[in-house]
Structures are given as C-alpha cells and as structure tokens.
Amino acid sequence: LKPCKRNPNFLATRSPLSASRPSAAMAFAEIFGDVLLTKDGEKPTEAVLAGKTAIGLYFSAHWCPPCRAFTPQLAGMYKDVLTEKGMEIIFVSSDKDQGSFDEYYGEMPWCALPFSKRAEKDQLSKKFKVSGIPMFVILGPDGALITNDGRGAVSKDPKAERYPWHPPSKADKAKMVLDALGSELVGKTGGKPIGLYFSAHWCPPCRGFTPKLAEYYKDGLKDKMEIIFVSSDRDQGSFDEYYKEMPWLALPFENRQGKNVLSEVCGVEGIPSFVVVGQDGAIITTDGRSKVQKDPKAATFPDGWLPQPFNDVNDDPSDLNDEKCLIALGSSESTAAAVKAVAAEHYVAANKDISAMEMRFYSGPDGDVTEQIRNLTKLPSGDKLVLLDIPSGGAFYVCGGDANDAAAVKAFLDDIKAGKCEKRQLEK
C-alpha cells in the first residue's frame with residue numbers, strides 16, 4: 001500500500017531533538033509537552049518515557065487505509081516483542097477531529113500525543129519531514145534520530161532481531177554490496193568501478209535507455225567502469241531475452257536475495273536506475289543515469305560524478321519534497337553563478353556532506369520540472385530566484401530584486417529568516 005499524503009507531494013519524481021536540559025526525558029518533554037496520553041489517562045511525559053531504550057513516533061490517521069492496515073501489524077509487534085525490548089510508541093494523529101482520534105486510538109496499545117496538541121503535532125511533522133502517512137520514526141533514548149523509515153524496518157524484521165534498527169554505515173553498505181554481488185562476479189570486473197544497472201524488459205523507459213547505455217559502454221564507458229545488470233524481470237525467460245541486448249555482466253537471475261539487498265542498499269525506488277560503486281563497494285553516485293547521459297565517456301569520473309552541491313533541478317528533483325531548495329529559475333547565468341557560489345560555501349561549512357546542508361541549491365533552466373515549479377508558483381516566465389520549502393506545508397519565497405551576485409543571494413536568505421520576505425503558498 002502506498003502512504004497517504006499528509007501534505008501535498010507537489011513534485012513527483014535529522015537531527016537530534018533539543019537537549020538544553022540535563023536529561024533526555026526532559027528534552028522529550030520540551031517537544032511533546034508536559035503530558036502524554038496513556039491508556040490510564042494523561043501522565044507526565046518524563047515518567048512515560050523514562051528508561052525507554054527507543055521511542056517510536058507513529059504518524060497515522062483513521063481515515064488513511066494504509067495506516068489502518070499497518071496499525072494492527074505494529075500493535076502485534078509492540079505486544080509481542082517491542083515492550084520487552086524497552087520501546088515506547090507515541091501515536092501522533094492526523095485525524096480530523098477528536099472523535100476520530102478517540103475511536104482510532106482505542107485500537108492502539110501505546111501512548112499518544114493528546115489530540116489537542118496540534119502545535120506540537122505540526123512541529124513534529126515538520127521536524128521529521130512527514131509528507132505521507134503512515135510514517136514510523138524511531139529515536140534513541142537520547143532523542144537522536146535512529147531512522148525515519150521505521151515502517152520499512154519493522155516490516156522486514158517482525159521479530160525485532162535488529163532492534164532498534166540503526167541504518168548501516170557507509171562501510172556496512174559497501175560490504176553488503178560486495179557480498180550481494182559475490183566474489184566471483186566482482187572478480188570479473190577487472191578491478192574497475194562497477195555500474196549497477198537496475199532494469200527490466202517489461203519497463204518501457206528501461207528499453208529506451210538500455211540501447212543508449214550500451215552505446216556509451218562500447219564507445220568508451222567500459223574503459224572507466226564495468227556494468228552489471230541487476231534484473232527486475234519476472235522470470236528467467238524474460239531475463240534471458242533482455243540480457244541478449246546487453247554487452248556487460250549480469251547478476252544471475254536466480255540470485256533474488258542479492259538483487260533485493262542491492263536494491264535496498266542503493267535506495268532503488270524505480271527503474272531504470274544506474275548506481276555506480278567503487279571497487280570497494282562504496283557508493284559513488286545513485287544518480288548514474290543522468291551523469292552518464294551528460295558524460296557518456298565518463299571523462300569527469302569519478303569527481304564529476306560525486307554528489308554536487310549545485311545541480312540542474314530537471315535532472316533529479318527528489319529532494320524538492322523533503323528539503324528547502326533554492327532555485328535560480330530561468331536562463332540568467334549571473335544568478336545561477338551566484339547561487340552556485342553560495343552553494344559551495346554551504347558545502348564547505350557542512351564538511352562536504354550534502355546531507356548535512358540546511359538546504360539544496362539548483363539552477364532551473366527550461367525543462368519538465370522547471371515547468372511544474374512555474375505552474376505551482378504562478379511564475380510563468382522570467383528569471384526568478386525562488387526558495388521552495390515544501391516540507392513547511394508548501395511554502396515558497398520569491399526574491400524581489402536581482403540576485404546577480406552571492407551577496408544578493410545571501411541577503412534574500414537572511415530576509416527569509418528574519419521574516420521580511422512574503423511567505424507564499426504553492427498551488428495544489
């Protein structure tokens with residue numbers, strides 16, 4: 001089941017809680033408020049959460065069919081294994097009224113944020129970037145985020161053998177990639193980086209991209225990396241027929257477990273997907289498809305294929321729904337250069353870790369995604385500097401003047417922080 005949307009997903013395709021007081025329990029009280037609702041009535045937050053080994057925030061609502069399907073599964077785990085392991089779960093409701101909340105909470109064995117605490121609920125939703133429900137966020141006893149994909153974690157591990165589901169480190173992921181491929185297949189790559197091509201014969205976009213990738217491979221890409229086909233075909237016959245069109249290696253079709261591990265580790269949510277890893281298994285880029293189309297012979301590989309702080313929004317808009325995004329719409333080279341310069345400063349300040357940057361930075365030349373943004377913002381033409389903040393209910397801001405240098409871009413961002421810039425709302 002697909003998640004219900006709490007906020008509009010306008011464009012299709014973590015940080016620890018404050019701990020200004022001494023104890024984690026007091027820090028929880030700061031964000032949840034003084035009391036939580038239990039089956040025995042309201043009790044102090046600190047008392048409810050004291051001594052817990054992990055806290056699960058369950059964003060859900062009675063009106064949402066996927067939520068009603070997931071709730072009994074989670075409730076069974078809670079009763080069977082999670083309470084013994086020391087986990088507490090807090091229901092954070094997106095129900096439309098108190099009556100619906102009361103009826104739905106009656107099915108749950110854990111505690112809840114009182115329905116009246118709408119401000120706290122909105123704060124939690126924004127903090128953990130909740131754009132769809134059900135969503136299950138897991139925090140450690142210190143309030144630090146463990147994972148915002150708790151739903152996926154518990155669904156794959158119903159006995160909670162990997163509790164509390166810390167995500168694998170980069171080194172863990174690299175080992176998982178190599179183990180999934182197997183030493184024999186890795187040995188055939190000749191010590192080169194590996195392009196994992198997730199594809200299937202039944203997928204029309206895949207059939208359109210495969211001949212292009214094969215041409216790139218023959219024309220020089222193979223000198224920089226070896227490619228391994230990771231099939232999502234439905235049977236051996238379809239795999240065999242499709243693989244005849246490919247000049248590279250393949251993960252044996254029968255190795256479904258390996259395919260599943262690779263898909264999960266590489267974050268593959270759709271195909272075709274082209275993920276490039278080093279010979280050590282470490283991920284270089286999950287956006288290999290757009291990279292190879294811009295650089296067919298991999299002349300700039302690997303540095304030019306690493307995640308960049310400034311990108312064309314039409315290439316990969318996946319962060320638009322989850323992050324603040326500064327976009328230089330239009331063809332102004334000076335505005336794009338100014339945004340790129342500010343992006344570089346933020347990148348350095350974040351120790352060159354894209355995920356640690358407070359926002360993402362893009363150019364917005366003509367393209368499908370740019371057209372969507374213009375339609376949603378009602379900015380049909382012209383060069384505009386725009387900050388999208390979709391996680392905050394679809395907010396956006398437009399720079400009122402020219403932004404032809406980094407100073408002007410920074411001034412625009414400062415004005416937004418100071419509340420001096422008009423907050424607008426995206427059209428649904």
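The values are calculated or read from the model by the stated rules, or taken from the named source; none is laboratory data. Since the structure is predicted, the reported quantities are computational estimates derived from the model, not experimental observations. Methodologically, a virtual Cβ is constructed for each residue, glycine included, from the backbone with ideal geometry; neighbour enumeration extends over all protein chains shown. SASA here: full protein model, heavy atoms, side chains in, ligands and nucleic acids out. Shrake-Rupley method; radii C 1.70, N 1.55, O 1.52, S 1.80 Å.
Which value, in debye to the nearest 20, gives the size of the charge dipole of region 27-156 about its Cα centre, when Lys and Arg are +1 and Asp and Glu are -1 at the Cβ?
Charge dipole, region 27-156, about its Cα centre: 420 debye, nearest 20.
So if I take the centroid of the Cα atoms in region 354-428 and the same for region 212-227, what is the distance between those two points in Å?
The distance from the Cα centre of region 354-428 to that of region 212-227 comes to 38 Å.
From the protein chains alone at 1.4 Å, what is the descending order of accessible area for ASP415, ASP95, largest first?
Descending accessible area places them as ASP415, ASP95.
Report, by chain and number, residues whose modeled amide H sits under 5 Å from the one on ARG360, excluding near sequence neighbours (fewer than 5 apart, same chain).
LYS324, CYS325, LEU326
Which length gain, in nm to one decimal place, applies between ASP34 and SER381 when the Cα-Cα distance is subtracted from 0.36 nm times their residue separation?
Answer, rounded to one decimal: 120.0 nm.
How much solvent-accessible surface does TRP202 expose, in Å² to the nearest 10, with a 1.4 Å probe and all protein chains in place?
Its heavy atoms expose roughly 110 Å² to the probe.
Expressed in whole Å with the largest first, what are the equivalent ellipsoid semi-axes of region 334-428 derived from the C-alpha gyration tensor as the square root of 5 times each eigenvalue?
Each semi-axis is √(5λ); the values are 21, 15, 15 Å.
Probe 1.4 Å, all protein chains in place: accessible area of VAL265 in Å², nearest 10?
10 Å²
Rank these by accessible area, largest first, 1.4 Å probe: ASP80, ASP287.
Final ranking, largest accessible area leading: ASP80, ASP287.
Which distance in Å, rounded to a whole number, links the C-alpha centroids of region 78-111 and region 133-175?
19 Å
How big is Rg to Rh over region 120-237, alpha-carbon atoms, Rh as the Kirkwood inverse-mean-distance radius?
Looking at region 120-237, the ratio lands at 1.09.
Size of region 73-189 along its principal axes in angstrom, Cα-based, largest extent first?
62, 31, 25
How far apart, in nm, are two points set 7 Å out from the Cα along the Cα-to-Cβ line at LYS85 and at TRP202?
With each label placed 7 Å out from Cα toward Cβ, I get 3.3 nm.
Can you compute the charge dipole magnitude of region 340-428 about its Cα centre, using +1 on each Lys and Arg Cβ and -1 on each Asp and Glu Cβ, nothing else charged? Give it in debye, rounded to the nearest 20.
Computed about the Cα centre, the dipole is about 220 debye.
Tell me the mean residue ellipticity at 222 nm calculated for the chain from its helices only (DSSP H runs of n ≥ 4, each -39500 (n - 2.57), averaged over every residue, nearest 500).
That calculation yields -10000 deg cm²/dmol at 222 nm.
Treating only the Cβ atoms of Lys and Arg (+1) and Asp and Glu (-1) as charged, compute the dipole magnitude of the chain about its Cα centre; round to the nearest 20 debye.
Dipole size: approximately 220 debye.
Modelling each spin label as a point 7 Å along the Cα-to-Cβ direction, I'd like the ALA356/ASP179 distance in nm, to one decimal.
Spacing of the two 7 Å Cα→Cβ label points: 2.8 nm.
Using θ = phi - 60° and the Karplus curve 6.51 cos²θ - 1.76 cosθ + 1.60, what whole-Hz ³J(HN,Hα) does each residue of region 303-318 get, with Gly and Pro shown as x?
My calculation for region 303-318 gives 4, x, 9, 5, x, 10, x, 9, 9, 6, 4, 6, 6, 8, x, 4 Hz in order.
Where Lys and Arg each count +1 and Asp and Glu each count -1, what net charge lies around ASP240 among other residues with Cβ under 14 Å from its Cβ?
-3
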